[in-house]
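The values are calculated or read from the model by the stated rules, or taken from the named source; none is laboratory data. Since we're looking at a predicted model, the values are computed, not measured. Here Cβ is always computed from backbone atoms with ideal geometry, including for glycine, and neighbour counts include all displayed protein chains.
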Amino acid sequence: MSALSESAAGLSLVSVADPPRPRPSFEAVPDLDLVARAAGGERAAFEALLRRHYDRIHRIAWRLTGSASDADDIAQEVSCALIEKLQNFRGEAKFTTWLFGIVVNACRDHRRRGQTLKRFRAGLSVLASLATAPDARDLYRRTWMASELSRLDATLRETIVLVVGEDMSHLEAAHALGVAESTVSWRMHEAKRRLSARALKEVPDDL
């Protein structure tokens, strides 16, 4: 082979080897495949799964708590715990149905912790006479709590958020909440009965 031919062959090898490998794209990969790969230890698959659903995790948490700050905390908690919980996903329901059930439970836990902390702080405030004027977050919560939706008990509110806000079927919501489908249907009927005509009309937009 001539020197010119050898040089050309060398350049050809370099040009083939030089371009960096493109990063894998997961846009078209179904949730179930991402779950299997993430559960198997593939970090990129887990990150893709989290990016795909993080906004909905946060949205559900915000709607159930009425606080963007609390929703931030809950979304972070769910994200951190999700990698281990994926090992328990059996595919008996849609991944999103299973995931939203985790978010609802995280909100319940957060609410219980908040109530305990609130009672503790209230006790300290009385003892030390340290009660202060409400800050912006307190005012926001009061405004939110004044809405018709917030006056529903937690079980009805959770059901409304999933069925109306997340467009889940009664069966899917039942799986997420861990109740019978008939229970979800009854809760929806009861929520509609309790809500005023004005509030009910606004539910699809607000949720």
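Tabulated data
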| item | result |
| --- | --- |
| Qualifying positions in the range 165-190 - of a type in the set (D, E, K, R) and touching a residue at least 60 places away in the same chain (Cβ under 8 Å) | GLU166, GLU172 |
| Enumeration of residues in the range 162-207 that are among the small types (Gly, Ala, Ser) and modelled with pLDDT under 85 | GLY165, ALA191, SER196, ALA197, ALA199 |
| Condition broken by GLY114, with the remaining ones in (1) at pLDDT below 80; (2) more than 28 Å from VAL164 (Cβ to Cβ) satisfied | (2) |
| Checking SER12 against (1) modelled with pLDDT under 90; (2) out of contact with any Cys (no Cβ under 8 Å at 6 or more places or on another chain); (3) buried (at least 17 other Cβ atoms within 10 Å of the Cβ); (4) outside any loop (DSSP other than H, G, I, E, B), the condition it does not meet | (3) |
| Count of the range 162-194 residues which are surrounded by fewer than 14 Cβ atoms within 10 Å (Cβ to Cβ), under 16 Å from the mean Cα position of the chain (by Cα) and part of a helix (DSSP H, G or I) | 0 |
| Any hit, the range 80-100, residues being among the small types (Gly, Ala, Ser), surrounded by 13 or more Cβ atoms within 10 Å (Cβ to Cβ) and part of a helix (DSSP H, G or I) | no |
| Residue within the range 53-70 that is at pLDDT below 90, of a type outside the set (A, V, I, L, M), in a helix (DSSP H, G or I) and over 30 Å from ASP153 (Cβ atoms) present | no |
